[in-house]
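Comments concern the structure below.
What follows draws every value from the coordinates through simple rules; no lab data is involved. These numbers were taken from a predicted model, which means no experiment stands behind them. Counting neighbours? That spans all protein chains shown, and the Cβs are built from the backbone with ideal geometry, glycine included.
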Amino acid sequence: MISVEEALAEILRHVQPLEPERLPILETLGCVLAETITSDINIPPFDNSGMDGFAVRSADVVGASAATPVRLRVIDSVAAGYVAGVTVEPGTAIRIMTGAPLPEGADAVVPYEDTSDFSRAKEERLQSPSTEVEVLRPAGSQDNVRPAGEDIHVGERVLEEGRLIRPQEIGVLASLGHPTALVHRRPRVAILATGDELLEVHEPLAPGKIRNSNEYTNAALVLRTGGIPIRLGIARDTKAELTAKIREGLSQGADLFLTSGGVSVGDYDVVKDVLGAEGQMQFWQVMMKPGKPLAFGLLRGGVPLIGLPGNPVSAMVSFEQFARPAILKMMGRSHLDKPAVQAVLGEEVRNSGRRGFVRVIVTREGDTYRARTTGEQGSGVLTSMSKANGLAVIPEGTRLAAAGTVVTVQMLDWPEEMDL
Ligand code: AMP
Ligand code: MG
């Protein structure tokens, strides 16, 4: 048997970040930048007001207070998107809205709240704008002014190569005027279910048959990880069908293959034979439960193939341990570990002695995460995954984890996201 770490290291040794491609920014969500973005502008591009109020010369309002208001003549009004036509001279002010450029002559903005205008109703102000305003509090130079370049400076390296693109990075790219970005290509992941017992989702059940669920969980996992699933459907356990499906996947430009089933000891050896014939495969026994059988190798042309176990829970757990990091690495990601927390076990958990991945429900109580199992843990019990938001990791060699033990839990979702 090999350890989870050994199996993963061997897989990762054979996958590399895919070449960059240029995409519209909205299509890069979850991708990794393959270029460094340097700004050729200031953001904001000009000094502007951070408040609705009056642009003033701070020297004019040094002594302003409610008891001794400073009276200024209002000479213009400027909204966001426009530029004032006049200069603020001593004794004058310009009405200004948030985001409008600071007019010439002004060096501060007095918010409405600090002026006599505040006591006037909005409709009234709009109908007959004040020609004079009383300032009731002093404002220092640059008060409520957002200076040009406050966010980003000309020449600044804003997003480094290797940066994961989230909604905020897409916003930054938009503000810098980039309609597209260069990112590592998303891997095309061919998904193949194997087994004579499998039916398509729409087919009625028949004796000895079950529906093919792995294709769907695998495709959904690939999507969630950021890859592009290529669904090859079901291959019967015959040499001809399996070979044809693998070649079909290759001809569709698969960067990675995920098969399920046919790799455990007791199987008809068709899957093993065909994989062996189509590439260089290794068939492993990984020191984990569920998910002991696992195949890995390179098909002809060097396309990696991960042969996941057939049992639906085993397939998902193995996907999280092996396929997810491989896909993330192909996408150029450097943090490949599943996010994890330390949680207190709410009950005793028995373990095989291999590394156990126990489906749990994690809840947060104050600063403490607590984990209780989802019940029946059989590797065919897919609802044990459906009820879970985490996989509690019981270390190798541990046969019994007592209630109260602190264990690492790989989070499938965060407690706050669960809507069950
Ligand atoms: P195998 O590794 O092919 O012996 O499959 C192990 C178990 O997983 C068997 O009970 C299979 O029926 C089941 N299984 C295999 N492939 C799938 C699939 N695509 N969907 C649901 N169950 C499957
Ligand atoms: Mg099978």
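Taking a ≥ b ≥ c as the square roots of the eigenvalues of the Cα gyration tensor, an a/c ratio of 1.5 or more together with a/b larger than b/c marks the chain as prolate.
Based on DSSP H segments of at least four residues, each scored -39500 (n - 2.57), the chain has a per-residue ellipticity at 222 nm of -5000 deg cm²/dmol. Placing +1 on the Cβ of every Lys and Arg and -1 on the Cβ of every Asp and Glu, with no other charges, gives segment 8-159 a dipole of roughly 300 debye about its Cα centre.
The stretch between Ala79 and Lys209, if pulled fully straight at 0.36 nm per residue, gains 39.9 nm over its current Cα-Cα span. Given R0 = 41 Å, the distance between the Cβ atoms of Arg399 and Gln16 translates into a calculated FRET efficiency of 0.55. Each peptide among 139-147, 166-174, 48-56 gets the average number of other Cβ atoms lying within 10 Å of its residues, and from highest to lowest they stand as 48-56, 139-147, 166-174. A Gaussian network model of the chain, with springs between Cα atoms under 10 Å, assigns the largest mean-square fluctuation among Val88, Val406, Val344 to Val88.
Label separation (Leu126 vs Glu27): 4.2 nm, computed from points 7 Å beyond Cα along the C-beta direction.
Counting other C-beta atoms within 10 Å, which of Leu299, Leu308 has the fewest, and how do the rest follow?
The order, fewest Cβ neighbours first, is Leu299, Leu308.
Of Pro395, Pro111, Pro229, the residue with the greatest mean-square motion in the GNM of the chain, using alpha carbon springs below 10 Å, is Pro111.
Could you tell me whether segment 259-306 comes out rounded, prolate or oblate from its Cα gyration tensor? Rule is a ≥ b ≥ c as square roots of the eigenvalues, rounded for a/c under 1.5, then prolate if a/b exceeds b/c, otherwise oblate. Because a/c hits 1.5 or more and a/b fails to exceed b/c, segment 259-306 counts as oblate. Computed about its Cα centre, the charge dipole of the chain is approximately 1560 debye, with only Lys, Arg, Asp and Glu carrying charge at their Cβ. Extension gain, Asp367 to Ser352, is 2.3 nm, computed as 0.36 nm per intervening residue step minus the present C-alpha separation. Label-to-label distance for Asp151 and Asp40 is 1.9 nm, based on points extended 7 Å past Cα in the beta-carbon direction.
Once you have a ≥ b ≥ c as the square roots of the Cα gyration tensor eigenvalues for segment 42-145, tell me rounded if a/c is under 1.5, and otherwise prolate or oblate according to whether a/b is larger than b/c. Taking the square roots of the gyration eigenvalues as a ≥ b ≥ c, segment 42-145 is oblate.
Among Phe46, Phe283, a tally of other beta-carbon atoms within 10 Å of each Cβ gives an order, fewest to most, of Phe46, Phe283. Length available on full extension from Thr408 to Leu199: 0.36 nm per residue minus the Cα-Cα distance, which gives 71.5 nm. The angle between the Cα long axis of helix 239-251 and the main principal axis of the chain comes to about 20°, on a 0 to 90 degree scale. With each label modelled as a point 7 angstrom along the Cα→C-beta vector, the Glu241-Ala9 pair spans 3.9 nm. With respect to the chain, whose longest principal axis is taken over its alpha-carbon atoms, helix 214-225 is tilted by about 30°.
Counting DSSP beta bridges with both partners in the chain, what percentage is antiparallel, nearest 5?
Within the chain, antiparallel bridges account for around 65 percent of the total.
Taking the beta-carbon count within 10 Å as an exposure proxy, list His178, His335 from fewest neighbours to most.
Ordered from fewest to most neighbouring Cβ atoms within 10 Å, His178, His335 come out as His335, His178.
Could you compute the FRET efficiency for Met418 and Asp273, with r as their C-beta to C-beta distance and R0 at 35 Å, rounded to 0.05? Efficiency for this residue pair is about 0.25.
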